[in-house]
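Down below is the structure, laid out as structure tokens.
The values are calculated or read from the model by the stated rules, or taken from the named source; none is laboratory data. On a predicted model such as this, the values are computed, not experimentally measured, just so you know. So basically every Cβ, Gly included, is an ideal-geometry build from the backbone, and we count neighbours across all protein chains shown.
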Amino acid sequence: MNTLDVLSDRPPGPPRGAKAHVALWLDCRRASEETAEAARAEAAYTVHDVLPPASGTASTERSSVNGTVVVGPVHSLAGYRRLMRGLLSSTTASPAARPPAIEYPVQAVDALVNARLDLTGGCEAKAMRSCAGVAGAHLLYDALRHDLRSPDWLRAMAGGIPAPYLLWTTHFGAGPDRGAEYAAKCLFPGTAVALAPDALRTFTRHTVVTGPTSVDLVEARRVAGILDWFGIRLDALD
């Protein structure tokens, strides 16, 4: 699943040989205004968009610096399907409308599943820690590709409703190395990856994109099946 080669340190900038067709975003939601401003200046020629510092207002819909509406987050296929139904029924057709981004927090899904596995205990449960987030990303990406080919969405897009895309995010607490590792495993074409300033710096300085992530549904379903054996429904996480 990993399509990045680890390199020695190099100057900041777009990854060399970027061929994955993935947009890099800077995630400043948990940064101060001062930190966010400095990070934006450093990443000006690297990122396509920025998630600004949180306003403090609770909402399931936010906007990026460039005006992209970010909806979610969703943690499973069940939440994703509810959100897609809502987008289909509530989005207004407009030639100037930007496609909305559906946030899937990869590390948060791992954290939810890891906590339940830790309660179960045992070597088998421990072996499945930190597998759920990436497996869920593969399943979600496949579901979106399928949905956008459905009659309902084809009619909606023909009528001017923009097709949504997936935005993979990580948590600031994951650390720069772990954040970059998550990004390396979610380079699905036509999606976006949002990284905290330190994780983005690690990603751009130490990796080069050699191609997109290949969808591996066999492995993703294997992980989902094992988690189901532990009583954890990957397709129905809260």
When you go through G133, G86, G121 one by one, which is the residue that is loosely packed, with under 12 Cβ neighbours inside 10 Å and free of Cβ contacts under 8 Å to residues at least 60 places away in the same chain? G121
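Yes/no matrix, rows are residues, columns are (1) closer than 16 Å to A137 by Cβ; (2) in contact with a strand residue (DSSP E or B) (Cβ under 9 Å, 6 or more places away or on another chain); (3) touching a residue at least 24 places away in the same chain (Cβ under 8 Å):
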position: C186; (1), (2), (3): yes, yes, yes
position: P197; (1), (2), (3): no, yes, yes
position: T204; (1), (2), (3): no, yes, yes
position: P212; (1), (2), (3): yes, no, yes
position: E219; (1), (2), (3): yes, no, yes
position: I226; (1), (2), (3): no, no, yes
position: I232; (1), (2), (3): no, no, yes
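Okay, residues lined up against (1) under 20 Å from Q107 (Cβ atoms); (2) in a helix (DSSP H, G or I):
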{"residue": "A41", "(1), (2)": "no, yes"}
{"residue": "A44", "(1), (2)": "no, no"}
{"residue": "V47", "(1), (2)": "yes, no"}
{"residue": "G67", "(1), (2)": "no, no"}
{"residue": "H75", "(1), (2)": "yes, no"}
{"residue": "G79", "(1), (2)": "yes, yes"}
{"residue": "M84", "(1), (2)": "no, yes"}
{"residue": "L88", "(1), (2)": "no, yes"}
{"residue": "T92", "(1), (2)": "no, no"}
Evaluation of P162 against (1) within 18 Å of T191 (Cβ to Cβ); (2) touching a strand residue (DSSP E or B) at 6+ places or on another chain (Cβ under 7 Å); (3) part of a loop (DSSP other than H, G, I, E, B) (one fails), failing number: (2)
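So which of A97, A101 ends up being in contact (Cβ under 8 Å) with a residue 60 or more places away in the chain and either in contact with a Leu (Cβ under 9 Å, 6 or more places away or on another chain) or among the charged types (D, E, K, R) (or both)?
A101
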Here are some residues: V70, V65. Which one is touching a Pro at 6+ places or on another chain (Cβ under 8 Å) and surrounded by fewer than 20 Cβ atoms within 10 Å (Cβ to Cβ)? V65
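Within region 94-117, track down each residue that is part of a helix (DSSP H, G or I) and polar (S, T, N, Q).
Filtering region 94-117 down to residues part of a helix (DSSP H, G or I) leaves 106-117.
Q107, N114 - these are the residues of region 94-117 that are part of a helix (DSSP H, G or I) and polar (S, T, N, Q).
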The lone exception for R221 - which of (1) over 16 Å from S130 (Cα atoms); (2) part of a helix (DSSP H, G or I); (3) not acidic (D, E) it fails: (1)
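Please find, within region 196-238, the residue that is surrounded by the most Cβ atoms within 10 Å (Cβ to Cβ) out of those that are within 14 Å of L24 (Cα to Cα) and not hydrophobic (A, V, I, L, M, F, W, C). Steps first, answer last, please.
Let us first name the residues in region 196-238 that are within 14 Å of L24 (Cα to Cα), namely 196-205, 207-209, 212.
The next check asks that each one be not hydrophobic (A, V, I, L, M, F, W, C); those that pass are 197-198, 201-202, 204-205, 207, 212.
Values: P197: 21, D198: 16, R201: 19, T202: 21, T204: 23, R205: 17, T207: 21, P212: 16.
Residue satisfying both the conditions and the ranking: T204.
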Provide a single number: the residues in region 149-177 that are under 18 Å from the mean Cα position of the chain (by Cα) and either among the aromatic types (F, W, Y) or modelled with pLDDT of 90 or more (or both). 8
Could you run through region 127-141 and say how many residues are over 14 Å from R233 (Cα atoms), assigned to a loop (DSSP other than H, G, I, E, B) and of a type outside the set (S, T, Y)? 1
Out of (1) over 30 Å from A41 (Cβ atoms); (2) of a type outside the set (G, A, S); (3) surrounded by 17 or more Cβ atoms within 10 Å (Cβ to Cβ); (4) touching a Lys or Arg at 6+ places or on another chain (Cβ under 9 Å), the odd one out for L144 is which? (4)
